[in-house]
1. Given segment 1-69, what strands (runs of 3 or more DSSP E) lie entirely inside it while holding 1 or more residues that are modelled with pLDDT of 95 or more and exposed (fewer than 14 other Cβ atoms within 10 Å of the Cβ)?
2. When you go through (1) surrounded by 12 or more Cβ atoms within 10 Å (Cβ to Cβ); (2) modelled with pLDDT of 95 or more one by one for residue 72, which number turns out not to apply?
């Protein structure tokens, strides 16, 4: 699951988790907001840089023994951060 999350975060910020200037420095899963998605998978929130206003709502899906994130929704503040120039 970590690999899937970090791959998706690197798609948002190519320099995530590197020594270069970056927008995404760290992340954590908010285990208090996990839930079973009735359409399948496990829904949860990812908090970026320890800031609750920088969050991603997503669903972890498994198909053919491969995990992927589906229905990724960025918070307004995270969207603004991602769109800003380095």
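1. By residue number, 27-36, 51-63.
2. So residue 72 meets the others, but not (2).
The values are calculated or read from the model by the stated rules, or taken from the named source; none is laboratory data. Since we're looking at a predicted model, the values are computed, not measured. Neighbour counts are summed over all protein chains in view; Cβ atoms, including those assigned to glycine, are modelled from backbone coordinates with ideal geometry.
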